[in-house]
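The structure appears right after this line, and notes come after that.
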Amino acid sequence: MGKKNNKGKGKFFLFLILTALGGVFVAGFPVVEVMFPSIAEKVNDFRGYYTGPLFVSSDNDAEDYFTEEYHGFKSVMAEEQIFYFIPAADINFDFSGYYDDYSGNLLEIYLYKADNMELVIGTNLNVPYAEGRQADAASQRGEEYPEHANWFNSECKEGILYTLKVVPKNSHDIGTDFIIRIDAAEGWISLPGLWGLFVGILFFLLVGSIILRFIWSVRRKRS
């Protein structure tokens, strides 16, 4: 009887040890990325987090192209501005823009394929302000600015030339410095979420083993 109890406790202790090791791995993941980049790459691939190059260098040396060096531009707002980029892979991008004085004033961002400027692929006009990237800033709460956010998300395809058009929401913002950025969206599984998934699988296996052991013991008694 004592051996059976110890066997059950052994599974529980193994569960705790593996859970703790998973937590240590997640907490130390920045170190893993530096010391074991191949392992980190596989983990990032699994959780859907893209860490490769974002943009292909254009043959055009114009300053209005997003590059690996510059994922964002600081410019002066005009009636309309156009920026270009070519994704280096199929990437889910976050597009964001804001005025350099952090006033919270709204601007409009439109995404097109360069060969079809009539069809809007993505825009921040459909994103409620309270869900925007800066929703928690003290001067930029959704109650104060109930319209669209200065942010949106869209999937872009490798090697295609895209254009990003920026328009001021209010004409009085023309002449104001603003910043526009393109960043890879975060993975669908965060690092803490990855640890939670690992713990969930371990818990499922633990409960499953207990159930199977119970069923096996009942069948043995019947036979």
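The values are calculated or read from the model by the stated rules, or taken from the named source; none is laboratory data. Quick caveat, the model's predicted, so the values are computed rather than measured. As a convention, Cβ positions derive from the backbone with ideal geometry for all residues, glycine included, and neighbour counts pool all protein chains shown. Protein only, heavy atoms only, side chains kept; ligands, DNA and RNA dropped before computing areas. Shrake-Rupley method; radii C 1.70, N 1.55, O 1.52, S 1.80 Å.
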Q. Considering the range 161-223, what Rg and Dmax in Å follow from its alpha-carbon atoms?
A. 28.1, 87
**Q.** Which of 35, 77 is most accessible, then next, and so on - probe 1.4 Å
**A.** 35, 77
Q: Could you work out the relative contact order of the range 1-118, using alpha carbon pairs under 8 angstrom and six or more residues apart, expressed as a whole percent?
A: 15
Q: Show the residues, 5+ positions off or on another chain, whose built amide H is closer than 5 Å to the amide H of residue 108.
A: 167, 169
Q. When the Kirkwood radius is taken over all Cα pairs of the range 21-103, what Stokes-Einstein diffusion coefficient follows at 20 °C and 1.002 mPa s, in µm²/s?
A. 135
Q: At a 1.4 Å probe radius, which order do 195, 188, 216, 151 fall into by accessible area, largest first?
A: 188, 216, 195, 151
Q.
Please list 3J(HN,Hα) in residue order for the range 115-122, calculated via the Karplus relation 6.51 cos²θ - 1.76 cosθ + 1.60 where θ = phi - 60°; whole Hz, with x for glycine and proline.
A. 8, 8, 7, 8, 9, 7, 7, x
**Q.** Rounded to the nearest 20 debye, dipole of the range 66-109 from Cβ charges on Lys, Arg, Asp, Glu
**A.** 40
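For n ≥ 4 DSSP H runs only, could you compute -39500 (n - 2.57) per run for the chain, divide by its residues and tell me the 222 nm figure to the nearest 500?
Numbers: 4 runs with 75 residues, N = 223.
One gets -11500 deg cm²/dmol as the mean residue ellipticity at 222 nm.
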Q: Quantify how much of the Cα-Cα distance distribution of the chain extends past 33 Å, in percent.
A: 40
Q. Can you list residues whose amide H is under 5 Å from residue 65's amide H, if they're 5+ apart or on another chain and H is modeled 1.01 Å from N?
A. 84
Q: Return one whole number: the accessible area per residue of the range 12-66 in Å², for a 1.4 Å probe.
A: 68
**Q.** the range 74-87 - phi-based ³J(HN,Hα) in whole Hz, Karplus 6.51/-1.76/1.60, Gly and Pro as x
**A.** 10, 8, 9, 4, 10, 5, 6, 9, 10, 10, 10, 7, 10, x
Q | residue 125 accessible area, 1.4 Å probe, all protein chains in place, Å² to nearest 10 | A | 70
Q. Tell me, what % of the accessible area of the chain is carbon and sulfur with a 1.4 angstrom probe?
A. 59
**Q.** Counted charge near residue 171, where neighbours are those whose Cβ lies closer than 13 Å (Asp, Glu -1; Lys, Arg +1)
**A.** -3
Q. Given the protein chains as shown and a 1.4 Å probe, how many square angstrom of residue 85 are accessible, to the nearest 10?
A. 0
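Counting only GluC sites (Glu not before Pro) that are in a DSSP loop and have at most 16 other C-beta atoms within 10 Å, tell me the longest site-free stretch of the chain.
1-62
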Q | Computed Rg/Rh of the range 56-126, alpha carbon atoms with Kirkwood Rh | A | 0.94
Q.
Just to check I understand the Karplus step: with θ = phi - 60° and J = 6.51 cos²θ - 1.76 cosθ + 1.60, what whole-Hz values come out for the range 20-28, glycine and proline as x?
A. 5, 5, x, x, 5, 4, 5, 5, x
(Q) I want to check the label-to-label distance for residue 119 and residue 63. Put each point 7 Å from Cα in the C-beta direction and report it in nm to one decimal. (A) 3.3
Q: Rank these by accessible area, largest first, 1.4 Å probe: 148, 172.
A: 172, 148
Q: Report, for the chain, the % of DSSP beta bridges that are antiparallel, rounded to 5.
A: 95
Q: Please calculate the 1.4 Å probe accessible area of residue 210, with all protein chains present, and give it to the nearest 10 Å².
A: 100
